Amino acid sequence: MFDELYRRLQPPSAYKRSDTKFWDDEHISAQMLKAHLDPASEGASRPFDFIERSAKWISAVLPPAKYPYLLDLGCGPGSYAEKFCRSGYRVTGIDLSSRSLSYAEESARRRGLAIRYCCGDYLTCSFPDRADVCTMIYCDYGALSPKERAVLLKKVHRTLRKGGKFLLDVFTDAYYRAFAEYKRWEMFENGGFWSDERHIALSAAYKYPDLLILEQTIVLTESGIKNHLIWNSCFTAGKLREEAEKAGFFCCGIWSDVAGGRFSGSSPTLAMILEKR
Ligand SMILES: C[S@@+](CC[C@H](N)C(=O)[O-])C[C@H]1O[C@@H](n2cnc3c(N)ncnc32)[C@H](O)[C@@H]1O
């Protein structure tokens with residue numbers, strides 16, 4: 001036990017994958033769904049008032065009349081998908097979390113919204129034959145390794161028609177600079193976010209070179225050790241543009257967020273609309 005813990009407490013090599021699930025873990029996915037459905041929480045989605053503004057901005061800049069088929073990658077419980085559907089898009093949502101997707105399907109059925117949901121990993125599952133616009137919202141792109149990002153861009157490029165758009169957001173170099181590394185531990189007598197058992201959470205955050213951040217949580221329970229690794233690549237506008245251009249996209253615009261805020265060098269996030277050439 002000591003040796004294993006000691007080994008896991010060393011910062012891993014960049015982008016090393018967890019041996020645990022996060023989004024589709026039985027217990028954690030329930031906590032994340034709760035966060036998604038909390039109007040003020042920023043834990044899994046942005047607050048509801050932001051999502052409202054954001055969905056309106058997206059349908060104004062990429063109107064459904066011109067871009068009817070929309071593919072929402074990492075759609076969660078459908079917070080955006082439902083708004084997109086109501087504004088007139090034909091929506092497909094893909095998400096890894098079976099808990100969030102079941103919620104999304106049930107919610108769409110109850111509200112009579114014809115949204116197509118697919119439960120799967122957007123790096124490996126098949127995409128629809130046609131999309132006019134793809135969205136990937138709340139900085140999921142930066143959670144991927146450079147190889148995974150290349151795979152994702154290729155898949156999005158393939159599914160979009162010529163002139164189709166990809167809207168995504170990422171954390172910026174300003175976010176990276178302001179981010180403070182930490183190390184802390186907490187005890188949960190009656191379960192908590194990471195486990196429903198009594199547990200200890202050892203958390204640390206490290207800044208790696210090349211604008212990469214790791215947030216690590218080691219969870220100790222009577223049944224064993226789990227090591228959760230959450231990576232976040234941050235981007236300058238130039239770095240994101242360069243990556244996208246390599247995959248055959250052209251940058252049409254940069255904003256501070258997916259609600260059309262004005263971008264400046266101190267914005268913690270940036271949103272980009274990319275066009276398939
Ligand atoms: C930060 S949440 C954002 C959800 C939604 N876009 C929003 O803004 O409300 C990330 C979502 O992506 C999903 N996700 C993460 N990795 C994924 C993958 N490889 N394939 C499909 N979905 C994934 C998670 O289950 C989660 O619902």
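Find the residue count for segment 54-63, including only residues that are within 13 Å of the ligand (Cβ to nearest atom) and more than 18 Å from the chain's Cα centre (by Cα).
0
For segment 125-144, give me the residue count where each residue is more than 11 Å from the chain's Cα centre (by Cα), more than 8 Å from the ligand (Cβ to nearest atom) and within 27 Å of Thr269 (Cβ to Cβ).
Number of matching residues: 5.
Of the conditions (1) closer than 23 Å to Glu42 by Cβ; (2) free of Cβ contacts under 8 Å to residues at least 40 places away in the same chain; (3) loosely packed, with under 13 Cβ neighbours inside 10 Å, Lys147 fails just one. Which one is it?
Against the list (1) closer than 23 Å to Glu42 by Cβ; (2) free of Cβ contacts under 8 Å to residues at least 40 places away in the same chain; (3) loosely packed, with under 13 Cβ neighbours inside 10 Å, Lys147 comes up short only on (1).
Can you tell me which residue is farthest from the ligand (Cβ to nearest atom) among those in segment 64-98 that are assigned to a helix (DSSP H, G or I) and among the hydroxyl-bearing types (Ser, Thr, Tyr)?
Checking each candidate, the answer is Ser98.
Within segment 24-40, is even one residue surrounded by fewer than 19 Cβ atoms within 10 Å (Cβ to Cβ), outside any helix (DSSP H, G or I) and within 8 Å of the ligand (Cβ to nearest atom)?
For segment 24-40, residues surrounded by fewer than 19 Cβ atoms within 10 Å (Cβ to Cβ), outside any helix (DSSP H, G or I) and within 8 Å of the ligand (Cβ to nearest atom): present.
Which condition from (1) within 12 Å of the ligand (Cβ to nearest atom); (2) part of a helix (DSSP H, G or I) is the one that Ser107 breaks?
Result: Ser107 passes all but (1).
Within the set of pairs 6 or more residues apart or between chains, which connect a residue that is crowded, with 21+ Cβ neighbours inside 10 Å inside segment 233-249 to a residue that is of a type in the set (Lys, Arg) and not in a helix (DSSP H, G or I) with Cβ atoms less than 8 Å apart?
Phe249/Lys276; Phe249/Arg277
Scan segment 67-84 for residues that are under 11 Å from Ala108 (Cβ atoms) and either touching a residue at least 40 places away in the same chain (Cβ under 8 Å) or surrounded by 24 or more Cβ atoms within 10 Å (Cβ to Cβ) (or both) and report the count.
Looking only at that region, the number is 4.
Glu215 versus (1) assigned by TED's automatic domain parsing to the domain that holds Ser54; (2) under 17 Å from the mean Cα position of the chain (by Cα): which is the lone unmet condition?
Going through (1) assigned by TED's automatic domain parsing to the domain that holds Ser54; (2) under 17 Å from the mean Cα position of the chain (by Cα) one by one, Glu215 breaks only (1).
Checking the condition crowded, with 20+ Cβ neighbours inside 10 Å, more than 23 Å from Ser29 (Cβ to Cβ) and at pLDDT 95 or above, which residue from Leu101, Leu160, Leu152 passes?
That would be Leu160, the only listed residue that is crowded, with 20+ Cβ neighbours inside 10 Å, more than 23 Å from Ser29 (Cβ to Cβ) and at pLDDT 95 or above.
Quick one: in segment 110-124, which of the residues that are assigned to a strand (DSSP E or B) and closer than 25 Å to Val61 by Cβ is farthest from the ligand (Cβ to nearest atom)?
Across segment 110-124, the extreme among qualifying residues is Arg116.
Residue check: is Gly88 touching a residue at least 24 places away in the same chain (Cβ under 8 Å) and buried (at least 20 other Cβ atoms within 10 Å of the Cβ)? Step through it out loud before you land on a result.
Numbers: touching a residue at least 24 places away in the same chain (Cβ under 8 Å): yes; buried (at least 20 other Cβ atoms within 10 Å of the Cβ): no.
Criteria not met by Gly88.
Quick one: how many residues across segment 104-123 are under 18 Å from the mean Cα position of the chain (by Cα), of a type in the set (A, V, I, L, M, F, W, C) and buried (at least 23 other Cβ atoms within 10 Å of the Cβ)?
1
The values are calculated or read from the model by the stated rules, or taken from the named source; none is laboratory data. What you see is a predicted model, and the numbers here were worked out from it, not measured in a lab. Virtual Cβ from ideal backbone geometry, glycine too; neighbours counted across all protein chains shown.
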